[in-house]
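The values are calculated or read from the model by the stated rules, or taken from the named source; none is laboratory data. Here the structure is a predicted model, which means the values were calculated and not measured. As a convention, Cβ positions derive from the backbone with ideal geometry for all residues, glycine included, and neighbour counts pool all protein chains shown.
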Amino acid sequence: MATAECGIGATLVVVGEVEAAEDITISGRLDGSMVALSSLVVITASGCLDGTLTARNVRIDGQASGTILATGRIDIRAGAQVSGRLLTPKVTLDDTAWFNGSVEPHRVDAALRVQQHRASAEKAART
């Protein structure tokens, strides 16, 4: 997987919700949720996610905790630290990566439908 073009810089802390329609790199910290349904999300070695992430593909070189839903695959690279719930049909865990949680390949479709329903309800409530 290639490195994403757009990103959250190493000195940035984002608290809240992020929606992206392009590939994105997290080198800083995201506390909250990100939805990038058709995109690659890369969490670099300096990056940290605490919350929920929904994307096509996810590559983790840094730290992540929470729920990660990928319709394609999740790659947990050497040195990464991940805890939580992974919903994806394909997952790769490198030798020196650390993972504590569950992998649920059979629940991807249901989780995606729930996430989309919640997002629609939240948008309707805001208008």
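Could you list all residues from region 4-27 that are among the polar types (S, T, N, Q) and not in a strand (DSSP E or B)? Of everything in region 4-27, those that are among the polar types (S, T, N, Q) and not in a strand (DSSP E or B) turn out to be 11, 27. Checking each residue in region 65-98 for being among the acidic types (Asp, Glu) and either in contact with a Lys or Arg (Cβ under 9 Å, 6 or more places away or on another chain) or in contact (Cβ under 8 Å) with a residue 40 or more places away in the chain (or both) picks out 75, 94. Residues of region 37-86 that are touching a Cys at 6+ places or on another chain (Cβ under 8 Å) and part of a loop (DSSP other than H, G, I, E, B): 62 alone.
Across region 103-127, the qualifying residues are those that are exposed (fewer than 11 other Cβ atoms within 10 Å of the Cβ) and among the polar types (S, T, N, Q), and the one among them that is farthest from residue 59 (Cα to Cα) is 127. Does region 49-62 hold any residues that are more than 13 Å from residue 37 (Cα to Cα) and buried (at least 19 other Cβ atoms within 10 Å of the Cβ), and which are they? Within region 49-62, 49, 51, 59, 60, 61, 62 qualify. Quick check on my filter: what residues within region 10-48 are crowded, with 20+ Cβ neighbours inside 10 Å and acidic (Asp, Glu)? Selection gives 23 alone.
Pairs meeting the criteria (first residue in region 104-120 and acidic (Asp, Glu), second residue part of a helix (DSSP H, G or I), beta carbons under 8 Å, at least 6 apart or on different chains) are 104/111. For region 71-84, which positions are modelled with pLDDT of 95 or more and either touching a helix residue (DSSP H, G or I) at 6+ places or on another chain (Cβ under 9 Å) or basic (Lys, Arg) (or both)? Matches in region 71-84: 73, 77. Here residue 92 fulfils each of the conditions (1) in contact with a Gly (Cβ under 8 Å, 6 or more places away or on another chain); (2) part of a strand (DSSP E or B); (3) among the β-branched types (Val, Ile, Thr); (4) surrounded by fewer than 19 Cβ atoms within 10 Å (Cβ to Cβ) apart from (1).
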